[in-house]
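This report refers to the structure that appears directly beneath it.
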Amino acid sequence: MKTKHFNLPQAKIMIAAAILCAPINMSAQESEKNSKEEGNRNVMLNAASANGPREIQIGLPSADVNVLENGLPVTFATNPHSVNSNWRSDASHSHVGLLKISETAITTGNIGYAVNSWTKLGEKGFHGSLNYKANHFGQQEYSLNLNGSIGENWFYSANMYQDFDPGTFKIRSSQYQDRTQIYKVALTHLYDKGKGELTAMYHYSNSHPLYTFATQSAPFIYVGDGSVKEYGKFKLGTTSYLPVDANMTYMDMRTGEIKETSLYDAEGNRSSQFFLSNKYRWDNGMTWNISARYDHAHGALVYQSPMSLMNVKGNPAYNYMLITPEGKHENYTGEYVQSRMSCLNSGDIDEFLLTSELIKKFSTSTLRVGVNEWLYDIDYTSNTTMYDQSVPNDGSYAVRLYDANKRDYYFYDYNKNASEYYKGKENKLALYFTHDWDISKKLNVYYGARFEWQTIKGENAAVKNSAGDYVGRFANFHLGATAADGTKITPADLDYSWLNYDFTAALTYKMTEKFGFTGDFTYIVQHPKFENFSPATLPNTNKISVPLGRAGIYYNNKWMSLTSLISYISKTNNNSTLNLQHGQEIMAAPLTYDIQTWGWTTDAVMRPFKGFELHALFTYQKPTYKKYETSVVFSDGYEGKINATGNIVAEVPQVLIELDPSYMITPKLKLWTSFRYFSKTYANINEAYYFNGHWETFGGVNWDVNKHLSLGCTVVNFLNQTGAKGSIAGAELITKEEAKDIKNCIMTGSYLRPFTVEFTANIKF
């Protein structure tokens, strides 16, 4: 199984859709919003999640998804406090868009697209908006916004969000796979004849997003030709693979105490935020924007990662037992046993984020200068534990098992594998600027730079012995424990300072009224985040450089806008960890590697006749590993080696197609569909296993009944495709030669979101 320090909460639940360019509609000077954002790319149309934005893939492996609210990141780090635990696209937002790569790089220091959202503030009079969503699996989602004026130049806005989502299959451990509530109250004051705008806001969220582990895995038959078929009566996407029992026993990394929790409680997130912003506009075209937020939170993420899948039928080496509801111990008569590694990630967090910008508009250009001060204080652990479960093929619920030859209890190997710990502060102080300049009617340039001072100070559990070697993790690992070689596990101090920097430049040349050339280049230099210091070894602290270059043409006429670009992106010194499996033993293998991707993308929006619109996107890319080598030695002396240099990056398709036709049947009635094609993807690092290409499909009807009521119906996966995606658990060491003889075998992995019918209603008053 491949992991990245288990710091992928959003990557685990969001589907990739490669978008390396967008149609360009040239005008003398774009609006500020349009200059920062891409066009509408159905950012909330997600085939992997019912409640989060889709991930926009740019040719690199999945990573944290950038989401901004009111100009500030929703969370400083998404593990353990995920974006979806305290942000939803709901009635509280006046705008949700997609920031361009260059804008994301300059304002956040990250590479990729970012979801850009703004809170709806009060307006004169009284206004209300109620959003409702339901699906045929039982989801109930409500969002209510009320706003208005409470006196001269004083305005209020209040929002409530509630989600009751049982998911696409019933789990016995909880009534809901997602139970989230978010409350916001904002007070705004206009002063100096409307030139100034001061806003104070309080935000509270309480979320239990159980889908982070409930939807991660399922058993299926790997045919051997890239296809899969369902295992017995186990239906992919609608049958639960979680055991009936929701209680977990674990060892506290900090104290060594044996504790018990429920999976629902272990996934509990709470956040109290205080937000303050001020905007002021001078008569000379200068604007000052400042936003600050303090967040006191408890973040939590649970991963239930499948590891080995064993055939135990008739094998005397195993003696698996189960405990009946009456407390009797009985022999397990099933054929297969699934082992799982549970990672209970949690942390107490205090973060302070401040961004201040001065914007000056001239006749042909806009100049912006900004400052970031972002402080992140966290006390984090990932307590890990192993257990085994049944693999029912009759569609029934799985139950926990124990091997009586080895133990008399379900849980074992506390903190042995991927346990993590770090405590301290990370601070980022940045200065940036951008200049958007129409040099002439034909030539526009955009350029900017960011300089960021990053400091990390704290402690972790990457402990070395007297010989200078990392001790690693062992069974019952915790602070204060003693390793087999006598090393006392005491926190190791961390103290790092780096200068990060970003540069970006874009040029568009309007050769004719309809045709022109465009290109852009972004170069980012980063260093490891605090969370990269959580495993048993220190990460590579060399600089991480990411160059991204694109160049091509655009063409616009009355019925079509087209852009075609060739692109290149690479990333050096990726820090990652592979959990390699040999037999029933799991070893964590740290590594540093590079990636490079060449691509070609053509994106077009066509309106051939009144009422009809077609968005079409085609991408070919070739993402490959560079310098990808690692190895571990298991307890029986077996050396597990991986050399993936030159291989295609796992889980990233080389061909992507997106087709989005829509038709306005009447001015108020819209029929639309969306087709996304993802070509063959490799399911392990060695290119041994792969999944054939598949389509993700959406369709729906939107009806504006009147100015107060809008109704909608959306069908997800209307072709009702079933299949697997992502990686295959415990398969990283399998080679191409070994895989040739592996056919019609049961394996474990992720799956496509099942056929789902959603209903929406919006009432404005």
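Some notes on this structure:
- Segment 611-765: Rg to Rh, with Rh as the Kirkwood radius over Cα pairs: 1.16
- Packing, as the average of other Cβ atoms within 10 Å across residues, places the peptides 253-259, 95-101 in the order 95-101, 253-259, highest first.
- Label point at Asn720 placed 7 Å out along Cα→Cβ; residues across segment 153-169 whose backbone nitrogen lies under 18 Å: 168-169
- The calculated FRET efficiency for the pair Asp225 and Leu190, based on their C-beta separation and a Förster distance of 56 Å, comes to about 0.30.
- Residues in segment 454-469 that a label on Ala492 would reach, taking backbone N under 16 Å of a point 7 Å out along Cα→Cβ: 457-469
- Segment 235-303: equivalent-ellipsoid semi-axes (sqrt of 5 x gyration tensor eigenvalues, Cα, Å): 46, 20, 8
- The label-point distance for Ser356 and Phe609, in a model that sets each label 7 Å from Cα toward Cβ, rounds to 5.9 nm.
- When Ser85, Ser750 are sorted by how many other C-beta atoms sit within 10 angstrom of their C-beta, beginning with the fewest, the order is Ser750, Ser85.
- Radius 14 Å from Cβ of Ala404, net charge of other residues (Lys, Arg +1; Asp, Glu -1): 0
- A simple spin-label model places pseudo-atoms 7 Å from Cα toward Cβ; at Thr364 and Lys457 they are separated by 4.9 nm.
- Gain upon complete extension [Leu507, Tyr638; 0.36 nm per residue less C-alpha separation]: 41.7 nm
- When you count the other C-beta atoms within 10 angstrom of each residue and take the mean per peptide, 540-552, 655-667, 165-177 line up highest first as 165-177, 540-552, 655-667.
- Descending Cα extents along the principal axes, segment 67-195, whole Å: 58, 38, 22
- Angstrom value of the Kirkwood radius, inverse mean 1/r, which spans all Cα pairs in the chain: 27.4
- Net length gained if the chain between Glu687 and Val701 were fully extended (0.36 nm per residue, minus Cα distance): 0.9 nm
- As a rough footprinting exposure proxy, the listed residues Glu230, Glu452, Glu335 were ranked by other beta carbons within 10 Å of their own, and the order from fewest upward is Glu335, Glu230, Glu452.
- Summed residue charge, Cβ within 14 Å of Lys610's Cβ, Lys/Arg positive, Asp/Glu negative: +2
- Distance between the 7 Å Cα→Cβ label points at Lys124 and Asp252: 5.8 nm.
- Local electrostatic count, Ile150, Cβ distance below 14 Å [Lys/Arg +1, Asp/Glu -1]: -1
- Residue pairs exceeding 29 angstrom between C-alpha atoms, taken from Lys423/Lys626; Lys279/Lys707; Lys100/Lys428; Lys170/Lys670; Lys543/Lys641; Lys488/Lys543: Lys423/Lys626; Lys279/Lys707; Lys170/Lys670; Lys488/Lys543.
- By the count of other C-beta atoms within 10 Å, a proxy for reagent exposure, His208, His296, His435 are ordered fewest to most as His296, His435, His208.
A short reminder: the numbers here are calculations on the coordinates, not readings from a lab. Every value quoted in this text rests on a predicted model; they were computed, and no experiment measured them. Counting neighbours? That spans all protein chains shown, and the Cβs are built from the backbone with ideal geometry, glycine included.
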